[in-house]
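**Student:** This structure is in structure tokens; I'll ask about it shortly.
The values are calculated or read from the model by the stated rules, or taken from the named source; none is laboratory data. None of the values given here were measured: they were computed from a predicted structure. No Cβ is skipped: glycine too gets one built from the backbone with ideal geometry, and neighbour counts run over all protein chains shown. Each accessible area value is taken on the protein alone, full model and side chains, heavy atoms only, with ligands, DNA and RNA left out. Shrake-Rupley method; radii C 1.70, N 1.55, O 1.52, S 1.80 Å.
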Amino acid sequence: MVCSKRMQSWVGLTLILAFLLGWSVVGWAQERTGAWVDEVVLSEEPSAAAALSRLEAGEIDLYSFTVSDPEIYQRILSSDALGYEQAFGSYTELTFNTAGPVFPGSGKLNPFAVPRIREAVNWLIDREYIADEIYGGMAVPRYFPIHTAFPDYARLVDVARALELTYAPDPAKAEAVISSEMEKLGAERVNGTWHYKGEPVTLIFVIRSEDERREIGDYVATLFEDIGFAVDRQYKTAAAASAVWIQGDPNAGEFHIYTGGWITTAINRDEGGSFEYFYTPRGLAFPLWQFYSPTPEFDELADRLNRNDFQSLEERKELYAQALEASMQDSVRIYIADRFGVIPRTAELSVAADLAGGVSGTLLWAHTIRRGDEIGGTLNVAVPSILPEPWNPLDGSNWVYDQMLIRATIDAGVIPDPFTGLPLPQRVERAEVFLKEGLPVGQSLDWVDLNFVDEIQVPGDAWIDWDPEAQRFIKAEELYPQARSALRKSVVYYPNDLYEHTWHDGSPLSVADFVMGMILTFDGAKEASAYFDETKASVLESFMRSFKGVRILSTQPLIIETYSDQYALDAEMNAESWFPTYTNGPGPWHTLALGLKAEAAGEAAFSSAKAGKLGVEWMSFIGGPSLGILSRHLEEAKAESYVPYAATLRQYATALEIADRWQNLSAWYAKRGHFWVGSGPLMLERAFPVESIAHLKRFEAYGDPSDKWARFQEPRIAEVALDGSRRVRSGQSASFDVTIDFDDEAYPTQDIETVTYLVFDANGALALSGNAEPVSEGSWRLELSAEQTQSLPTGSNRLEVIVVPRVVSIPTFDTFQFVTTP
């Protein structure tokens, strides 16, 4: 940049005036750090229509919920006062209670304990009807645990489409299968109604009442009534439903079916873990999951895909195809629809939104939310439900409404790119990834150095397991005298200023926080541990099939080296950081220590399953009886300078740190009345579960510039158009043109990963598939050879094209009809 002397003088005068007057000159001096806002107040608003009225009236600034109502969408588009973000990650399903087939508590029959009956429900329901009529076209049918808008569906589209044809609506087939299985259970149909031991078989259907799931529930309930079942329709809100399907004992028979709703909070570039998460007891530590019993073959497929136990993409696709088929046969849940939704806001509000999870799904919302160019101020946000379940970092609430608040309090080693899902470095400085030669891994970003090597040796001093009685790590050489190898090694480097970042209570981040996470990976799953939770045993068992060891190479700067046979398809996702953010929240070692003391005393438990089994509190760091329990243990911990797992953790926490941590937490609790301590740009000031209100406040010590993540604006989702001849003579070649653009500009070829096509013939079968080739910027062409067209029967064919960009991970689909003539 060239500046004249006159310009330099003007700039200097401007900066001097700014300094004297206390101005912040945007563009020349950006002094704001952390969140742009001072406060965010969140409240409950179950009705999307009411939320829009409140937005227009200025009562709220954002309604953080993915709305799929076409009338509301049109209302937003027609209003100058409103704007929106878009998201594709929300989906609906039917969750079955699989206990039984006879509930011990009531002696009532549970048909859904039988996999074949669950599978038959796929033929009973019409997903196209739900997508078109109930969602008004703002949804597409979904059959599998993989999302139709994510990369894996595009990779497996030929397999998926074939299975979708297999499970297309067929009510007569559904009724025949269900009738056969009901008779095997000893039920009989009397005057058109199913009876068991002389009483009608009544299905208890817990139906969410706040959104389209009410209509879906009524539709499905009617289908069951039509084939001879009585249905008890129980309409419940989030919190009331949670008490039954998540916290309740499945054996008690309090429900048979639940209208599930989920949101994938970041674009999932590898959904292989979905089978483990949704179909095995290893998925979640909730009572319902502990009743899942996949076949040994399906269980092995789920485990292998979760660990990426394959050597090529071809082998992965074969495993995936088998798992998709097995998931349909198992069907502990029936997927219904992937929703396209909008997140309503005021027109002047700006905020980052993930293409999957929307505003609530991204860690970046708290970094970026802002009203116009305003610095500071208070924003009001509404959500459909708030604080329905207890919060704790290990096994607390995973409701999206709670997780939105929690994400604001979180810092992280890496943050998912909201458009691609690739990890972006936040607290990590850089990483090196070493993989065995030949593994199917690619690289997109330069903060990772990817290397392929012939062999990766695991050092003998790497920590590979944990002794809960001696409270120390077990080294690899102790368990395995012979040298071992691994498929992956990652070395993650943290910046020199890592320990200058503090938790919200003022405690500096320390190595002990990282080591605590390593310990908790193992300890709770060990029967000899004072904190043993049987729901964690199978999770650890699966983890240990791949894990080969971890080493802390340096504490200043912090460098952590990890060895494993589990790897991801993207190099960036292989950089394992061990940053102390847990499944459901941030975890400084001292707040977790209080929870561990309460669990060891038998007064509360981190997981709902363990709490239910022992009849104690499901631990909450923010409210309820847990606070009294934790505050009492705080006084004990402070008095004795308590450190959990002292034989190991005291090596990484100085006496001064220990004393300061308990003093800081005491002051925090005295001021705010809760134990939720994070390190993100906003901190939880107060939580009011009864009143359904939460108050987040800017964390003034957060050092990142406020505009650090300002670059995420409009995602470049491809727009696709297909053209070609409507009539193709059998035995002659044919070509079709694919035009790809965004915002009326040609989509650069270098930004397109693949353009795949499928041809469904006149019989509805998948006949052909392949890839189109680029012709020029924004223009691609696919060719069908004479031999290919000759293989098509006479009649109407459907050509489908799937475009997968590199800069966003949402594929675009388009279809074209053509007729094959003799």
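**Student:** Going by average Cβ density within 10 Å per residue, which order do the peptides 195-206, 583-594 take, highest to lowest? Walk me through the intermediate numbers first.
**Tutor:** On the way: 195-206: 17.6, 583-594: 24.3.
So the order, starting with the most tightly packed, is 583-594, 195-206.
**Student:** Could you check how many percent of all C-alpha pairs in segment 332-463 are farther apart than 27 Å?
**Tutor:** It works out to 42 percent of all Cα pairs.
**Student:** Show me 289-302, 398-411 ranked by packing, highest mean number of other Cβ atoms within 10 Å first. Don't skip to the answer; put the middle values down first.
**Tutor:** Details: 289-302: 18.5, 398-411: 23.7.
Highest to lowest by the protection proxy: 398-411, 289-302.
**Student:** Please report the equivalent ellipsoid semi-axes of segment 294-345, computed as sqrt(5 x eigenvalue) of the Cα gyration tensor, largest first, in whole Å.
**Tutor:** Those come to 27, 17, 10 Å.
**Student:** How large is the Rg to Rh ratio of segment 413-533 when both quantities use alpha carbon positions and Rh follows Kirkwood?
**Tutor:** 1.02
**Student:** Related question: Write down the radius of gyration of segment 269-391 and its Dmax, each obtained from C-alpha positions, in Å.
**Tutor:** In order Rg, Dmax, the Cα atoms of segment 269-391 give 19.9, 58 Å.
**Student:** Right, something else. With both bridge residues required to lie in the chain, what share of the DSSP beta bridges run antiparallel, to the nearest 5%?
**Tutor:** Values: 116 of 145 bridges.
Given both bridge residues lie in the chain, the antiparallel proportion sits at roughly 80 percent.
**Student:** Now, a different point. Per-residue ellipticity at 222 nm for the chain, helices alone: DSSP H runs ≥ 4 residues times -39500 (n - 2.57), over residue total, nearest 500 deg cm²/dmol? Before the final figure, lay out each step's value.
**Tutor:** Working: 24 runs with 232 residues, N = 822.
Calculated mean residue ellipticity at 222 nm is -8000 deg cm²/dmol.
**Student:** Considering only protein heavy atoms and a probe of 1.4 Å, how much of the accessible area of the chain is carbon and sulfur, as a whole percent?
**Tutor:** Carbon-and-sulfur percentage of accessible area, whole number: 49.
**Student:** Between Q817 and L627, what is the spin-label point distance in nm, taking each point 7 Å from the Cα along the Cα→C-beta axis?
**Tutor:** Those two pseudo-labels are separated by 6.2 nm.
**Student:** Can you send over the solvent-accessible area of L520, 1.4 Å probe, protein chains only, in Å² to the nearest 10?
**Tutor:** Surface accessible to solvent at L520 totals approximately 30 Å².
**Student:** Whenever you get a sec, line up I693, I752 from highest to lowest accessible area (probe 1.4 Å, protein heavy atoms).
**Tutor:** Largest accessible area first, the list is I693, I752.
**Student:** Using only the alpha carbon atoms of segment 65-141, find the Kirkwood hydrodynamic radius as the inverse mean reciprocal pair distance, in angstroms to one decimal. Spell out each step's value before the answer.
**Tutor:** Values: mean 1/r = 0.0637 Å⁻¹.
Taking every pair of different Cα atoms in segment 65-141, averaging 1/r and inverting gives 15.7 Å.
**Student:** For P287, what is the net charge nearby, where nearby means another residue's Cβ is under 15 Å from its Cβ and Lys, Arg count +1, Asp, Glu -1?
**Tutor:** Overall, the nearby charge balance is -2.
**Student:** Another question about this same structure. Which residues in segment 718-743 place their backbone N less than 14 Å from a point set 7 Å from the Cα of T794 along the Cα-to-Cβ direction?
**Tutor:** So the set is 728-731.
**Student:** Just the Kirkwood number for segment 579-722, please: inverse of mean 1/r across all distinct Cα pairs, in Å, one decimal.
**Tutor:** Working: mean 1/r = 0.0569 Å⁻¹.
That comes to 17.6 Å for segment 579-722.
**Student:** What does the charge add up to near S350, with Lys and Arg as +1, Asp and Glu as -1, over the other residues with Cβ less than 10 Å from its Cβ? Walk me through the intermediate numbers first.
**Tutor:** Numbers: positive: R345, R370, R371; negative: E85, E348, D373.
With Lys, Arg at +1 and Asp, Glu at -1, the net is 0.
**Student:** Still on this structure, I have one more. Give the residue list of chymotrypsin sites (Phe, Trp or Tyr not before Pro) in segment 226-269 that are DSSP loop and have at most 15 other beta-carbon atoms within 10 angstrom.
**Tutor:** none
**Student:** Any idea what the relative contact order of segment 721-786 is, in percent, if you count C-alpha pairs under 8 Å spaced at least 6 apart? Can you show the working numbers first?
**Tutor:** Details: 103 pairs, mean separation 25.0, N = 66.
Reported relative contact order: 38 percent.
**Student:** Tell me which label goes with the value of Rg/Rh (Cα atoms, Kirkwood Rh) computed from the coordinates here: (1) 0.97; (2) 1.12; (3) 1.08.
**Tutor:** Comparing each candidate, only (1) matches the computed number.
**Student:** Counting Lys and Arg as +1 and Asp and Glu as -1, what is the net charge of the other residues whose Cβ lies under 9 Å from the Cβ of G228?
**Tutor:** Once positives and negatives cancel, what remains is -2.
**Student:** What does the highest-first list of 317-324, 783-790, 677-684 look like by mean Cβ count within 10 Å?
**Tutor:** In descending order of packing, they fall as 677-684, 317-324, 783-790.
**Student:** At most 11 other Cβ atoms within 10 Å and a DSSP loop assignment: could you name the GluC sites (Glu not before Pro) in segment 427-517 that fit?
**Tutor:** The qualifying sites are E437, E455, E469.
**Student:** Kindly sort I146, I375 by accessible area of their heavy atoms, largest first, with the probe set to 1.4 Å.
**Tutor:** Values: I146 0, I375 75 Å².
If we order I146, I375 from most to least accessible, we get I375, I146.
**Student:** Taking every pair of Cα atoms in segment 477-523, average 1/r, invert it to obtain the Kirkwood radius, and report Rg/Rh to two decimals.
**Tutor:** Over the Cα atoms of segment 477-523, Rg/Rh equals 1.13.
**Student:** Could you work out the relative contact order of segment 94-248, using alpha carbon pairs under 8 angstrom and six or more residues apart, expressed as a whole percent?
**Tutor:** Result for segment 94-248 is 20 percent.
**Student:** Dipole size in debye (nearest 20) for the chain around its Cα centre, Lys and Arg Cβ +1, Asp and Glu Cβ -1? The partial results should precede the final answer.
**Tutor:** Details: 67 positive and 117 negative charges, 189 e Å.
Magnitude of the dipole: close to 900 debye.
**Student:** What is the distance in Å between the Cα centres of segment 592-629 and segment 363-432?
**Tutor:** 25 Å
**Student:** Could I ask something else about it? With +1 on the Cβ of every Lys and Arg and -1 on the Cβ of every Asp and Glu, and nothing else charged, how large is the dipole of segment 437-595 about its Cα centre, in debye rounded to the nearest 20?
**Tutor:** That gives segment 437-595 a dipole magnitude of about 180 debye.
**Student:** Then there's this: Averaging sequence separations of C-alpha pairs under 8 Å and six or more residues apart, then dividing by the length of the chain, give the relative contact order as a whole percent.
**Tutor:** About 15 percent, as a whole number.
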